[in-house]
Structures are given as structure tokens and as C-alpha cells.
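Right, one structure below, let's go through it.
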Amino acid sequence: MSLREKYLAGLTFRTNKPEFEPGEEISAFVTGYDGDTPVARIGDTILRVEDAPDDALDTRVKLRVEEFDGNDHHGTATYLETVGGSAF
């Protein structure tokens with residue numbers, strides 16, 4: 001392996017529209033509401049978190065992705081637990 005290959009090994013680019021698979025567990029911040037439903041935004045991807053607690057806004061939560069549409073970058077997720085407070 002050349003020095004350049006070693007230097008670039010594992011290098012990937014982030015996207016503003018990440019995609020998720022059903023069953024995948026992630027952590028994200030609950031950033032707002034869509035009507036009465038809390039949402040987590042990861043870049044331009046939006047996950048509705050229908051069973052999040054009332055005080056979930058601006059907290060970091062662990063989620064399990066239930067459904068995801070890779071064309072619209074929208075989906076639903078199940079709230080698992082709160083893992084952190086506000087980053088603001």
C-alpha cells in the first residue's frame with residue numbers, strides 16, 4: 001500500500017441527505033415539530049418520532065428507524081431513550 005493509499009484509507013464524504021435502513025439504530029437531536037409530532041433532522045433528512053416524550057425537543061435521543069423513503073429522504077423512527085441534553 002502506497003503512502004497516498006494509507007493517507008486516504010477510510011476517507012469518505014458526508015452527505016446532506018443520509019439514508020437509513022429499517023431497524024438501524026441512530027442517535028440524533030429532536031429539532032422541532034411537524035404538527036404535534038417531534039422530528040429529528042439529520043442534514044436534509046427528516047425522521048418523524050411519533051412516540052417521543054413531551055420534553056424531547058432539543059435533546060439527543062437514540063432512535064430505531066422504522067420506515068424510510070430514500071427518494072424523499074423522509075421516514076419514521078421509534079424513540080428508544082434520551083442520551084443527552086441540549087447542545088445550545
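Here are a few things to note about the model shown:
- Given R0 = 22 Å, the distance between the Cβ atoms of residue 71 and residue 44 translates into a calculated FRET efficiency of 0.95.
- For the range 15-84, the spread of Cα coordinates along the three principal axes comes to 30, 23, 19 Å, biggest extent given first.
- Neighbours of residue 63 by Cβ distance under 14 Å: Lys/Arg scored +1, Asp/Glu scored -1, total -3.
- Charge tally in the Cβ shell below 15 Å around residue 83, where Lys, Arg are +1 and Asp, Glu are -1, residue 83 excluded: -1
- Selection among 83, 42, 7 by position relative to the dipole of the chain gives 7 as farthest towards the positive end (Cβ unit charges, Cα centre).
Taken together, the values in this text are just the output of simple stated rules run on the coordinates, not laboratory data. These figures come from a predicted structure and were not determined experimentally. Neighbour counts are summed over all protein chains in view; Cβ atoms, including those assigned to glycine, are modelled from backbone coordinates with ideal geometry.
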